[in-house]
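Below is one structure, written out as C-alpha cells; the observations come after it.
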Amino acid sequence: MKVKCCAFSPSDEFLATCSRDKSVWFWQMDEDDDFQVCSVLQQHTQDVKFVAWHPNEELLVSCSYDYSIVFYKFDGEDWITQQKIPDAHDGTVWCAAFDSEGQRLVTVGDDCVVQLWKRSSPLEPAASDKWQSIAKFHVEDSRLPLYSVSWHAVTGLIATGGADGIIRFFRIVGSADSEQLVQVATIDADANE
C-alpha cells in the first residue's frame, strides 16, 4: 500500500493517512506516543490523493481520483462519514485547504478549476454542518491539472500550483452571499530554469 498523504489533527491526537487502495486510515496516539489504527474508511471508488484537517475541529476532508471529496468526523467512539460530494470536480481532485477559521474550503483538480466551498450554517459545529460550492474559477490559460493549493492564515491569499509551472494567487471578493474568486497575481516557476 502506497501512502499518498498524511496529516495530524489539530488536537494532535489523530493522524490521517490515505492511499491508492481507496482508503482513509485514522490512527490514534496512545499515552506511550505509539499509534494504533482506530478506523479505516473506504468511501472513495478510486485512489485517495490528499487529506486535510479542519483547523479547529476533528473534521477531515479527503480528495480522490474518483472526482469526489469526502468529509469525516469523530462521533465520540469512531470515525464516520459526515458528507460525500460525488462530483466535486470534473476530474481528479488533487488537493484541499481550509481557511484559518474553518468556515471555507478550497479545492483544485484536473479540470483546472479552483473551487470554493462554504459551510451552510456557520453557527453549527463544522463536523455537523454541510458544505456547498459557492464559487469556481476556471484557469483559462492552461489545460494542465492544478495539483496544489494553500490558504494563507493571515492575509487570506490562496496560492495554487500545477503542471504548467505557474503559481497563481487568488483572493475572495464580494459579500458573504456572493463571494467570488479573483486571480490577483502569477509567478512563472519555470523562469529560473
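Does E140 qualify as being under 18 Å from A88 (Cβ atoms) and either at pLDDT below 95 or of a type in the set (K, R) (or both)? Against the criterion (under 18 Å from A88 (Cβ atoms) and either at pLDDT below 95 or of a type in the set (K, R) (or both)), E140 does not qualify. Looking only at the range 90-142, residues that are among the small types (G, A, S) and over 21 Å from H44 (Cα atoms) come to 7 in all.
Does the range 36-50 contain at least one residue that is part of a strand (DSSP E or B) and touching a Leu at 6+ places or on another chain (Cβ under 8 Å)? Looking for residues that are part of a strand (DSSP E or B) and touching a Leu at 6+ places or on another chain (Cβ under 8 Å), one finds none in the range 36-50, hence no.
If I ask for residues that are among the hydroxyl-bearing types (S, T, Y) and part of a strand (DSSP E or B), which ones from the range 52-105 would you list? Within the range 52-105, S62, S64, Y72, T81 meet the criteria. Residues that are without any contact (Cβ under 8 Å) to a residue 12 or more places away in the chain and more than 22 Å from S11 (Cα to Cα) do not occur anywhere in the range 92-111. If you go through the range 28-60 and keep only what is buried (at least 19 other Cβ atoms within 10 Å of the Cβ), without any contact (Cβ under 8 Å) to a residue 60 or more places away in the chain and hydrophobic (A, V, I, L, M, F, W, C), you end up with L41, V48, F50, V51, A52, W53, L60.
Screening the range 152-181 for residues that are surrounded by 14 or more Cβ atoms within 10 Å (Cβ to Cβ) and β-branched (V, I, T) and picking the one that is farthest from S120 (Cα to Cα) gives I166.
Pairing each residue of the range 113-128 that is in contact (Cβ under 8 Å) with a residue 60 or more places away in the chain with any residue that is among the hydroxyl-bearing types (S, T, Y), provided the two are 6+ apart or on different chains, yields C-beta distances under 6 Å for V114/T160.
Scanning the range 131-151 for residues that are in a loop (DSSP other than H, G, I, E, B), surrounded by fewer than 14 Cβ atoms within 10 Å (Cβ to Cβ) and not acidic (D, E) turns up R143, L144.
Contact annotation: residue pairs with Cβ atoms under 7 Å, 6 or more positions apart or on different chains, pairing a residue in the range 163-186 that is assigned to a loop (DSSP other than H, G, I, E, B) with a partner that is modelled with pLDDT under 95 and among the acidic types (D, E), are G165/D188; G165/D190.
For the residues S64, S11, the requirement of being within 21 Å of W151 (Cα to Cα) and at pLDDT below 95 singles out S11.
The values are calculated or read from the model by the stated rules, or taken from the named source; none is laboratory data. It should be emphasised that the depicted structure is a prediction, and the values quoted were computed from it without experimental measurement. Virtual Cβ from ideal backbone geometry, glycine too; neighbours counted across all protein chains shown.
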